[in-house]
Amino acid sequence: MADQPDGIVLRRHRDLEGRFWGPWLRRALLALVALVAVLALVGVFGQPPSTTSAEAAPARMAISAPGAVRGGLLYQARFEIRANDALNDATLVLNPAWLDGMTVNTIEPSPVSQASRNGSLALSLGHLPAGARYVLFMEFQVNPTTVGSRTLRAELDDGEQSVLTISRRLRIFP
Amino acid sequence: MDIVVRAAFAFAFVFFLTRIVGRRELSSLEPFDLIMLIVLGDLVQQGVTQSDYSVTGLVLAAGTIALLQVAVSYLNYRFRRVRQVLAGEPIVLIEDGRVLEANLARERLTRGELEEGARQSQLDSLEKVRWAVLESSGQISFIPKQ
């Protein structure tokens, strides 16, 4: 039997005493990394869009947007309004959570006017005749420092009168 | 502030990855590994600095990584138990010409890779090896028989 090199303890470095758990710990941690990748594949970290809709007598609205996004990424929110009755002054009111820590790249088609309504963004869409379909696209980018979870609220008003409201959760990963 | 946190997270995550992928993957730098290294560096950079092109950002990120590197080095030096976790420990692969198959399997090393390592150390047969030790760096040290 050869004398071992300096610094080598045979029981620990040859017979691996007390090191049985090493490969299993490594496998468990690798599984954890794999789990994160699998969760990403099923969209947990963004950003496949999901649709939320609400309907009231005068109109129906559906919002298609991601429920999870990541810092720096571009994403789209699509608002589709179907007027059952004529809306004389259709207004889309977005709470500050839509905009706080986000960059709005564009709103298409441009609303007739924009205003602040009690801290929310009010986009005036103009007159919508009965049976009309109106689709509004908003393109956002998440500011890199924005993280957390928030509730997005979008309210469809006719003038000052609320028609319907949609609430969604948005998770922002760093 | 966030760039310091991101740099620290990137350092910890890359350190964590290098510890769990196994020493076999760290022991060689073949063309594919070199390309992956560059790709990984680019991915890490994007996550750390994102759209920050400032010199301040550079100083914060590079400074944070350098400080953490020194901290890890100090912990390795100061505490043996921490060194075992952070740096790993050597594993004997050959003793007196006899290949320890269980230890080889534990590190996903084949006999062929061991023979290749021996050849690179000017040893034409594993039987001429007194000790072969897989070091925590991923390199295999060969000590020939006298």
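The values are calculated or read from the model by the stated rules, or taken from the named source; none is laboratory data. Because the structure is predicted, anything quoted here is derived from the model rather than measured. Quick reminder, even Gly has a Cβ in these numbers, built from the backbone with ideal geometry, and neighbours come from all protein chains shown.
If you check B:Val59, B:Val99, which single one turns out to be without any contact (Cβ under 8 Å) to a residue 60 or more places away in the chain and in the same structural domain as B:Leu17 (by TED's automatic domain parsing)?
Every option except B:Val59 fails the conditions.
Per-residue answers, yes or no, for (1) surrounded by 16 or more Cβ atoms within 10 Å (Cβ to Cβ); (2) touching a Phe, Trp or Tyr at 6+ places or on another chain (Cβ under 8 Å):
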position	(1), (2)
A:Asp85	no, no
A:Gly101	yes, no
A:Ser120	yes, no
A:Gly126	no, no
A:Val147	no, yes
A:Glu160	no, no
A:Arg168	yes, no
A:Arg171	yes, no
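Kindly provide the set of residues from the stretch B:93-146 that are modelled with pLDDT of 90 or more, under 24 Å from B:Arg83 (Cα atoms) and hydroxyl-bearing (Ser, Thr, Tyr), ordered by number.
Once the filter is applied, which keeps residues that are modelled with pLDDT of 90 or more, under 24 Å from B:Arg83 (Cα atoms) and hydroxyl-bearing (Ser, Thr, Tyr), the stretch B:93-146 yields only B:Ser141.
For every residue, the table says whether it meets (1) within 26 Å of A:Thr151 (Cα to Cα); (2) in the same structural domain as A:Gly101 (by TED's automatic domain parsing).
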site: A:Leu30; (1), (2): no, no
site: A:Val33; (1), (2): no, no
site: A:Val36; (1), (2): yes, no
site: A:Met61; (1), (2): yes, yes
site: A:Gly71; (1), (2): yes, yes
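List every residue pair whose Cβ atoms sit under 8 Å apart, with the two residues 6 or more apart in sequence or on different chains, where the first one lies in the stretch B:3-14 and is under 16 Å from B:Leu86 (Cβ atoms) and the second, anywhere, is surrounded by fewer than 16 Cβ atoms within 10 Å (Cβ to Cβ).
B:Phe11/B:Gln69; B:Val14/B:Leu40
Need at least 2 residues that are among the basic types (Lys, Arg) and within 14 Å of chain A (Cβ to nearest Cβ) per element, so show me which helices (runs of 4 or more DSSP H) inside the stretch B:1-79 make the cut, counting only ones lying wholly within it.
Numbers: elements: B:2-20, B:23-26, B:31-49, B:55-78.
Here the list reads B:2-20, B:23-26.
Scan A:Leu123, A:Leu73, A:Leu87 and give me the residue that is closer than 30 Å to B:Arg6 by Cβ and hydrophobic (A, V, I, L, M, F, W, C).
Testing whether each residue is closer than 30 Å to B:Arg6 by Cβ and hydrophobic (A, V, I, L, M, F, W, C) leaves just A:Leu73.
Looking at the stretch A:11-23, is at least one residue at negative phi and of a type in the set (A, V, I, L, M)?
Checking the stretch A:11-23: not a single residue is at negative phi and of a type in the set (A, V, I, L, M).
Testing B:Val92 on (1) assigned to a loop (DSSP other than H, G, I, E, B); (2) within 11 Å of chain A (Cβ to nearest Cβ), one condition comes back false. Which one is that?
The single condition B:Val92 does not satisfy is (1).
I'd like the full set of residues that are surrounded by 11 or more Cβ atoms within 10 Å (Cβ to Cβ), of a type in the set (A, V, I, L, M) and in a loop (DSSP other than H, G, I, E, B), limited to the stretch A:1-50.
Those that are surrounded by 11 or more Cβ atoms within 10 Å (Cβ to Cβ), of a type in the set (A, V, I, L, M) and in a loop (DSSP other than H, G, I, E, B): A:Ala2, A:Ile8, A:Val9, A:Leu16, A:Val44.
Of the residues A:Gly46, A:Gly71, which single one is within 14 Å of chain B (Cβ to nearest Cβ) and in contact with a Pro (Cβ under 6 Å, 6 or more places away or on another chain)? Steps first, answer last, please.
Details: A:Gly46 fails: within 14 Å of chain B (Cβ to nearest Cβ).
Within the list A:Gly46, A:Gly71, the selection yields A:Gly71.
Quick check: is even one residue across the stretch B:53-68 in contact with a helix residue (DSSP H, G or I) (Cβ under 8 Å, 6 or more places away or on another chain), within 30 Å of B:Leu123 (Cα to Cα) and not basic (Lys, Arg)?
No, there is no match, as no residue in the stretch B:53-68 is in contact with a helix residue (DSSP H, G or I) (Cβ under 8 Å, 6 or more places away or on another chain), within 30 Å of B:Leu123 (Cα to Cα) and not basic (Lys, Arg).
Might you check whether a residue that is within 20 Å of B:Gly22 (Cβ to Cβ), of a type in the set (D, E, K, R) and in a helix (DSSP H, G or I) occurs anywhere in the stretch B:117-139?
Taking every residue of the stretch B:117-139 in turn, none turns out to be within 20 Å of B:Gly22 (Cβ to Cβ), of a type in the set (D, E, K, R) and in a helix (DSSP H, G or I).
Okay, residues lined up against (1) small (Gly, Ala, Ser); (2) in contact (Cβ under 8 Å) with a residue 24 or more places away in the chain:
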{"position": "A:Thr52", "(1), (2)": "no, yes"}
{"position": "A:Glu55", "(1), (2)": "no, yes"}
{"position": "A:Met61", "(1), (2)": "no, yes"}
{"position": "A:Ala77", "(1), (2)": "yes, yes"}
{"position": "A:Asp85", "(1), (2)": "no, yes"}
{"position": "A:Asn88", "(1), (2)": "no, yes"}
{"position": "A:Val93", "(1), (2)": "no, yes"}
{"position": "A:Thr103", "(1), (2)": "no, yes"}
{"position": "A:Val112", "(1), (2)": "no, no"}
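Return the total of residues in the stretch B:105-115 being within 12 Å of chain A (Cβ to nearest Cβ) and surrounded by 15 or more Cβ atoms within 10 Å (Cβ to Cβ).
Residues in the stretch B:105-115 being within 12 Å of chain A (Cβ to nearest Cβ) and surrounded by 15 or more Cβ atoms within 10 Å (Cβ to Cβ): 2 in total.
With the condition kept exactly as written, say whether any residue in the stretch B:83-90 is β-branched (Val, Ile, Thr) and modelled with pLDDT of 90 or more.
Scanning the stretch B:83-90 turns up no residue that is β-branched (Val, Ile, Thr) and modelled with pLDDT of 90 or more.
On the given criteria, is B:Leu43 of a type in the set (A, V, I, L, M, F, W, C) and either within 20 Å of A:Gly7 (Cα to Cα) or in contact with a strand residue (DSSP E or B) (Cβ under 7 Å, 6 or more places away or on another chain) (or both)?
Here the answer is no, as B:Leu43 does not meet what is asked.
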